[in-house]
Amino acid sequence: IREAIVRHDRLSNTRIAPKLARSRSPQTESIKDITTAAPLSPRYYNYYHWLIQTLPRLRYIKEYELETENSVTILLPPKSPPWMEETLNILGWPDQKIEHSTHTVYRAERLVVPSYPPVHNSELQWLRDRLLPQVDKIETNSGPNIFISRSNAIERRIVNEREVVDFLRDN
């Protein structure tokens, strides 16, 4: 739970941790009340980790909702990429239960912090069963090829053959 809260705090302007420690300066901050909240920040800010590690956490949130009959609002980072909300939409998560963390403080009666599930067949199957039936319903205007740029990547960058040869020659 600590790891999820710290990660959420690091990826957004919304600070959960100080408020859990009962800080007493709400008058200077933008506060939003949510009955039941769940920070849904990815471990790493990329599509792979969102899809494989973060989205399966929705399974636990949905199970919590079924068991408790409490509606959960998920908190996303304030400047989240479009694919985060798009995948939530494909999975049927209602827009009114998504909050981009733009307020300084969120006050929740209940805080749900699902753990990161192991990358296991059952988790991936759960995700697959929910995503694949929606694929035919998605309208796309793109061509048959997909290119994922890694130009801003620190590790595992895509390089061309000439760059490799130059690197090997110089080192």
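The values are calculated or read from the model by the stated rules, or taken from the named source; none is laboratory data. Quick caveat, the model's predicted, so the values are computed rather than measured. A quick note on method: Cβ atoms are made from the backbone with ideal geometry, for glycine too, and the neighbour counts reach across all protein chains shown. Accessible surface areas use protein heavy atoms only, side chains included; no ligands, DNA or RNA. Shrake-Rupley method; radii C 1.70, N 1.55, O 1.52, S 1.80 Å.
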Practice item. State which residue pairs qualify: first residue of a type in the set (D, E, K, R) and inside region 99-114, second residue open to solvent by 50 Å² or more (accessible area, probe 1.4 Å) and assigned to a strand (DSSP E or B) in any location, beta carbons under 9 Å apart, and separation of 6 or more residues or different chains. Key: 99/32; 107/31; 107/32; 107/33; 109/33; 109/35; 110/35
Exercise for review: Please enumerate the residues belonging to region 77-99 that are modelled with pLDDT under 90, surrounded by 15 or more Cβ atoms within 10 Å (Cβ to Cβ) and either under 18 Å from residue 36 (Cβ atoms) or in contact with a Ser or Thr (Cβ under 8 Å, 6 or more places away or on another chain) (or both).
Suggested key: 77
Check your understanding: Looking only at region 24-45, which residues are open to solvent by 60 Å² or more (accessible area, probe 1.4 Å) and either modelled with pLDDT under 85 or farther than 22 Å from residue 62 by Cα (or both)?
Key -> 24, 27, 28, 32, 43, 44, 45
Practice item. Considering (1) touching a strand residue (DSSP E or B) at 6+ places or on another chain (Cβ under 7 Å); (2) within 29 Å of residue 153 (Cα to Cα), say which one residue 57 fails and leave the rest. Key: (1)
Review point. In region 100-138, which residue that is more than 19 Å from residue 87 (Cβ to Cβ) and among the charged types (D, E, K, R) is surrounded by the fewest Cβ atoms within 10 Å (Cβ to Cβ)?
Key: 109
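Being crowded, with 16+ Cβ neighbours inside 10 Å and of a type in the set (Phe, Trp, Tyr) is the filter here; which residues of region 46-59 pass it? Show your work before the answer.
Initially, region 46-59 is screened for residues crowded, with 16+ Cβ neighbours inside 10 Å, giving 50-59.
The one that is crowded, with 16+ Cβ neighbours inside 10 Å and of a type in the set (Phe, Trp, Tyr): 50.
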Review point. Given (1) under 22 Å from residue 38 (Cα atoms); (2) at pLDDT below 90, where does residue 110 come up short, assuming only one miss?
Key: (2)
Review point. Applying the selection to region 3-23, what residues are over 16 Å from residue 110 (Cα atoms), among the small types (Gly, Ala, Ser) and at pLDDT 60 or above?
Key: 12
